[in-house]
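The values are calculated or read from the model by the stated rules, or taken from the named source; none is laboratory data. Everything numeric in this text was worked out from a predicted model, so none of it was measured. With ideal geometry, Cβ positions are generated from the backbone for all residues, glycine too; neighbour counts draw on all protein chains shown.
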Amino acid sequence: MYRIKSGSHYSRLFPSFTFKHTIRYRCRFENSCLYQLEGEDAFDINKLVGFSTSWNHHQQSARIGWRCMDGQTIELLTYTYADGKRDVVDTILAVVKPEEEFDISITDFESCYEYTVRVGELESTARKWKVPDRWLFQWILHPFFGGQTAAPHEMKIHLTKI
């Protein structure tokens with residue numbers, strides 16, 4: 001379980017790494033992940049999980065993000081950093097309820113990232129093109145809340161590798 005404390009952004013300070021080009025997780029948000037923010041901060045995408053395929057995760061990385069727009073459900077979205085530029089397309093892969101389990105995966109192909117979210121029998125996949133690269137290992141990126149705004153209260157997220 002990952003815990004983001006009230007007033008914080010981070011669930012874990014140090015990334016881990018993998019030699020694999022695909023990461024898979026079973027996930028569940030607790031009720032504590034519901035929130036409502038005002039103004040532009042409401043559209044910020046929080047990081048659920050991802051990995052960096054470069055020495056700098058703001059240079060080249062793939063992430064599945066989340067946000068709570070209505071105070072009742074959680075949207076799952078993709079975003080990348082490609083050649084140092086943040087690329088966010090507000091394509092919602094899935095909408096989940098707190099306590100609902102779902103599976104996610106991100107695969108690093110040489111020229112694109114593939115994102116998959118499976119909720120029950122429904123599966124959604126998206127691809128984002130990237131600058132071709134291959135590192136010996138990937139940095140795993142852990143849950144993070146907000147852009148400028150820190151977590152309004154403690155939040156708990158369950159992630160299990162599958």
Of the listed residues (Trp139, Trp135), the one being assigned to a strand (DSSP E or B) and either of a type outside the set (D, E, K, R) or modelled with pLDDT under 95 (or both) is Trp139
The lone condition Arg12 fails out of (1) modelled with pLDDT of 95 or more; (2) closer than 14 Å to Phe145 by Cβ; (3) more than 12 Å from the chain's Cα centre (by Cα) is (1)
Counted residues in segment 27-68 being over 22 Å from Glu114 (Cβ atoms) and in contact with a Pro (Cβ under 7 Å, 6 or more places away or on another chain) come to 6
Checked Tyr79, Tyr2 against criteria (surrounded by 15 or more Cβ atoms within 10 Å (Cβ to Cβ) and farther than 30 Å from Ser111 by Cα); the one match is Tyr2
More than 16 Å from the chain's Cα centre (by Cα) and closer than 14 Å to Pro15 by Cα, is that true of Ser54? yes
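Listed here are the residues, each with its yes/no results for (1) modelled with pLDDT under 95; (2) outside any strand (DSSP E or B); (3) under 18 Å from Trp66 (Cα atoms).
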{"site": "Leu93", "(1), (2), (3)": "no, no, yes"}
{"site": "Pro98", "(1), (2), (3)": "no, yes, yes"}
{"site": "Asp103", "(1), (2), (3)": "no, no, yes"}
{"site": "Glu110", "(1), (2), (3)": "yes, yes, no"}
{"site": "Glu114", "(1), (2), (3)": "no, no, yes"}
{"site": "Val117", "(1), (2), (3)": "no, no, yes"}
{"site": "Glu123", "(1), (2), (3)": "no, no, yes"}
{"site": "Val131", "(1), (2), (3)": "yes, yes, no"}
**Asked** Quick check: is even one residue across segment 65-73 part of a strand (DSSP E or B), touching a residue at least 40 places away in the same chain (Cβ under 8 Å) and hydrophobic (A, V, I, L, M, F, W, C)?
**Response** no
Could you go through segment 118-132 and let me know if any residue there is within 17 Å of the chain's Cα centre (by Cα) and closer than 16 Å to Arg28 by Cβ.
yes
Sole miss for Glu100 among (1) closer than 22 Å to Cys27 by Cβ; (2) under 16 Å from the mean Cα position of the chain (by Cα); (3) surrounded by 15 or more Cβ atoms within 10 Å (Cβ to Cβ) is condition (2)
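Would you pick out the residues in segment 69-80 that are within 13 Å of the chain's Cα centre (by Cα) and more than 14 Å from Tyr115 (Cα to Cα)?
Residues satisfying the conditions are Ile74, Glu75.
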With criteria (1) of a type outside the set (A, V, I, L, M); (2) under 15 Å from the mean Cα position of the chain (by Cα); (3) at pLDDT below 95, His21 comes up short on (2)
When segment 141-162 is checked residue by residue, the ones that are among the hydroxyl-bearing types (Ser, Thr, Tyr) and either buried (at least 17 other Cβ atoms within 10 Å of the Cβ) or closer than 12 Å to Ser6 by Cβ (or both) are Thr149
